[in-house]
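Below: one structure, written as structure tokens.
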Amino acid sequence: MKAEDLVRAAKCARDHARAAHSGFKVGAAVETRKGKLYSGCNVENSTYGLTVCAERVAIWKALSEGESDFRRLVVVADTEDLTPPCGACRQIIWEYCGDIEVVLANLKGGRARYRMRELLPFPFDSRFLGKE
Ligand code: THU
């Protein structure tokens with residue numbers, strides 16, 4: 001799958017963002033190693049704290065369909081400086097997707113690529129719990 005296919009899916013999901021409180025719409029799409037795609041948008045809540053980011057919605061959808069092997073994740077927002085995943089999402093992406101490629105995109109064609117290792121260089125994970 002091309003990165004632009006994922007960007008397109010993330011943009012479509014972004015159109016469904018429930019961002020009535022912030023007005024900040026985000027779309028995400030995660031690709032499995034077998035080439036399946038799951039997208040998500042941010043879903044806000046009037047209590048604010050219950051808001052879930054687009055990245056996590058996409059990952060929850062994939063996990064709940066039985067997926068566990070991921071290749072790439074795309075985040076799309078309408079910002080000049082490309083919007084990166086928040087700290088909480090970085091932790092979740094690391095936990096469930098590992099050192100995948102993360103592509104940031106905006107609506108004007110801006111793109112940047114990172115590895116999760118770059119976005120979360122010193123992660124806490126299950127190794128510290130003695131589970132590996
Ligand atoms: N948001 C995301 O969905 N993903 C990000 O990477 C950054 C922030 C959402 C959460 C909230 O609905 C809105 O953007 C403003 O923070």
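Observations, loosely collected:
- Counting only helices (runs of 4 or more DSSP H) wholly contained in segment 1-106, the ones carrying 2 or more residues that are over 17 Å from L120 (Cα atoms) and not charged (D, E, K, R) occupy 3-14, 54-64.
- Test: residue in segment 72-86 that is among the aliphatic types (A, V, I, L, M), touching a residue at least 12 places away in the same chain (Cβ under 8 Å) and touching a Phe, Trp or Tyr at 6+ places or on another chain (Cβ under 6 Å): no
- For segment 76-132, the set of residues classified as more than 21 Å from C41 (Cβ to Cβ), among the acidic types (D, E) and exposed (fewer than 11 other Cβ atoms within 10 Å of the Cβ) consists of E118, E132, listed by residue number.
- Pairing each residue of segment 5-22 that is under 9 Å from V75 (Cα atoms) with any residue that is within 8 Å of the ligand (Cβ to nearest atom), provided the two are 6+ apart or on different chains, yields C-beta distances under 6 Å for A10/A28.
- Filter result for the condition that a residue is charged (D, E, K, R) and near the ligand (Cβ under 10 Å from one of its atoms), over R56, R33: R56
- Which listed residue, of L129, L120, L104, L63, is over 18 Å from C12 (Cα atoms) and within 16 Å of the ligand (Cβ to nearest atom): L120
- Inter-residue pairs, beta-carbon under 7 Å, first farther than 20 Å from T83 by Cβ and in segment 44-67, second at pLDDT below 95 and outside any helix (DSSP H, G or I), 6+ apart: none
- Residues in segment 15-35 that are within 21 Å of Y96 (Cβ to Cβ) and either crowded, with 21+ Cβ neighbours inside 10 Å or within 15 Å of the chain's Cα centre (by Cα) (or both): V26, G27, A28, A29, V30, E31, T32.
- For segment 34-53, the set of residues classified as in contact with a helix residue (DSSP H, G or I) (Cβ under 9 Å, 6 or more places away or on another chain) and over 17 Å from D5 (Cα atoms) consists of N42, V43, V52, C53, listed by residue number.
The values are calculated or read from the model by the stated rules, or taken from the named source; none is laboratory data. The structure presented is a predicted model; accordingly, all values stated were derived computationally and were not measured. Using ideal geometry, Cβ is built from the backbone for each residue, glycine included, and neighbour counts are taken over all protein chains shown.
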